[in-house]
Every structure is written in structure tokens, then in C-alpha cells.
1. For Leu111 and Ala46, what is the calculated FRET efficiency with R₀ set at 41 Å and r taken between the beta-carbons, to the nearest 0.05?
2. Where the centroid of each part is defined by its Cα atoms, how far is segment 24-39 from segment 165-190 in Å?
3. Could you list Lys174, Lys130 so that the one with the fewest beta carbons within 10 Å of its beta carbon is first and the one with the most is last?
4. Set the Förster distance to 25 Å, then compute FRET efficiency between Thr132 and Ile239 from the Cβ-Cβ distance, nearest 0.05.
5. Residue farthest toward the positive end of the dipole of segment 28-163, with Cβ of Lys/Arg at +1 and Asp/Glu at -1: which of Phe68, Ala86, Thr132?
6. Could you pull out every residue, at least 5 positions away or on a different chain, whose amide H is within less than 5 Å of the one on Asp59? Hs are placed 1.01 Å off N in the peptide plane, and Pro or chain starts have none.
7. Efficiency by 1/(1 + (r/R0)^6): what FRET value for Leu208 and Ala53, r their Cβ-Cβ distance, R0 = 51 Å, to the nearest 0.05?
8. Only helices at least 30 Å long along their axis, Cα-based, and averaging 0.0 or more on Kyte-Doolittle count here, so list those DSSP H runs from the chain.
Amino acid sequence: MTTAVGAPASLGAPARPRRRSLERRESRAAWWFISPWIVGFLVFTAWPMIYSAYLSLTDYDVINDPHFVGLDNYRELFADPKVALAMRNTLVYTAMAVPAHVLLALGLALLLERAVRSAGFFRTAFFLPKMTPPVAVGVLLLLLFNGQRGAVNTVLGWFGIDGPAWTTDPAWVKPGIVLMGLWTVGSTVIILFAALRGVPKDLYDAALVDGAGFWRRTRAVTLPMISGPLFFVVVVNTIGALQMFTEAYTAYFGAGNTTYSNDAALFYVIYLFQQAFEFLHMGYASALAWLLFVVIMAITGLQVLGSRRFVYYEGGSR
């Protein structure tokens, strides 16, 4: 009996070194495949971040060598009223832009799901505006939202509505940028549409049997089942909104523009750009960049913590 029991072990012993050798070869192949990404990450992300952290502790103007100043840049930015203004503008814009973007995208995705035969056409139609360069969107903002001759106020006038001064009234500058940003909602629509297509039809059938209407099915079935993709687009759009730059800079700060109310459109990254490339305060701009990084990480962390309660995964965990 001892010999019979031990025989399979002796037969299986040579297989272990071959299996380990195969695992090592597969591991080396995997490392070779991901090595371009690793090199790109180290060269274009990790090293610039490390060097930026060093520059944030220096006084550096590109022309002269960096001069170490310790935490002076961080003390200065917390006392700089422009930093507070830019951060407040950015947070207000984010609070308006992200819900508007996600809700519109969800509504269009729900409509797209019902357009069975023409879904392909509308997917393309919704996504095409995303291909518009952000600089062109900034120029369109001034053309469409001009308080006197803009197309938006012209259409509102047809209905007897006196449109606001979108580009000159500080109270309407950020809403105008938010509305213009909805032009590029197409990529989020495609993501949510793909999520909707993955919802099991059996759940809808069971809800119909229970007498649930459209809104009840949406609230009880659709939203929980696509909460994962919804959470993803909320996080991605929040990070993008906190880094708003191109459209607002083109519309309100490009080419020495002094016609419009710039303070209302002074977003954080615009102020960072001005400090770095207009005033050559590279050390101060690096400190500004690290503050933004901390803010984005903190907001994203809060969103992740909140997702444990609201995001449903098919495995049953939250």
C-alpha cells in the first residue's frame, strides 16, 4: 500500500520543475509586454512628479538654477487670495458640471437603449462632438453665448426670454461654461449605454410582472445594476472638471483677452499655468500642482468611501 500510494507522487515530481520553468517564462514574457508602459510611466509620470516635488521647495525661474527655499512656496500659496479664488471657482464649477454631465448622459443613454434600429447612428452622432478640439469649443462658447448676438440668447428671445450676459456677468460665466461642456457628453453616453445593455432582461421582466412602471424600474433595477459604471464616470468627470483649463483659457484669457470677466473664469489650472509659463514662477507653480493633487486625491477618496454604500457589484459586495 505504501508503494502504491507513493507511486503517483514520484511520477508527478518531474512535472513540478517543468511547471516552475513555464511559470518563469510566462512571467518574463509578461514583464516584456508591459515594459513599454513601465518605461513610459517612469520617464513621463514618476520622474516629473518627483522633480516637481523638488521644485516646489525651490525658487526657480527656468533661467537661473533652482534655489532651495523650503516650505516658503506652500506658505505663500495658502496666503495668496488668487489661489483661494481659483480653488473656489473650480469647486463651484465641478459641483455644477459633474451632475449636469452625468444626468444628461444617463438620459441620452436611456433614450438610446430604446432606439433599437437606429442605435448605431445615434451612438455616432452623440460621440462625434467629442472629437471637437477643446480650443474650438472655447471659441464656440464666445460665439454661441455672446450676450447680445449669441445664438443661445437669440433662440431664448424667440420665446420672449431675455437671455443673460453669459460671458460678462460673473454670475453666469461658470453656468455658460458648464452648458458648453455638455457638447462633449458623448463619450459618457457610450459608456453608460454599454452598461445598460448589460443589465439582465429577466430583472425587467420580473419588475413588469410586479407592475413596476418605467421610473420604478429605472430606480429599482437600472440604477443599481449600472451603479459601477456610474461611479466610474462620476470619478473621471470630477477629476476632469477639477482640471478645467483649455476651454476657459481660450475663451477668457487667450490672446490677451481683457474684454470679459476673467476672475469668474479663473480656474485653478489656469492660475497654475499663468504662474508657470507667464510669470516663470516654476517653484510656486509646482507647489500649486501638488496642492491640486492632494485635493483631487482627497475628493476621490471620499467618493470611493461613499461608493461602498451606493455601488452594487454582481458578486453581491458593496
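Bear in mind that the values in this text are calculations on the coordinates, not laboratory data. Bear in mind that the values here come from a model prediction, so they are computed numbers and not experimental data. As a convention, Cβ positions derive from the backbone with ideal geometry for all residues, glycine included, and neighbour counts pool all protein chains shown.
1. Once rounded, the FRET efficiency stands at 0.45.
2. Measuring centre to centre over Cα atoms gives 43 Å.
3. Fewest-to-most ranking of Lys174, Lys130: Lys130, Lys174.
4. Calculated transfer efficiency: 0.75.
5. So the residue furthest toward the plus end is Thr132.
6. His67, Phe68, Val69
7. Efficiency for this residue pair is about 0.35.
8. Length and hydropathy pass: 81-114, 282-310.
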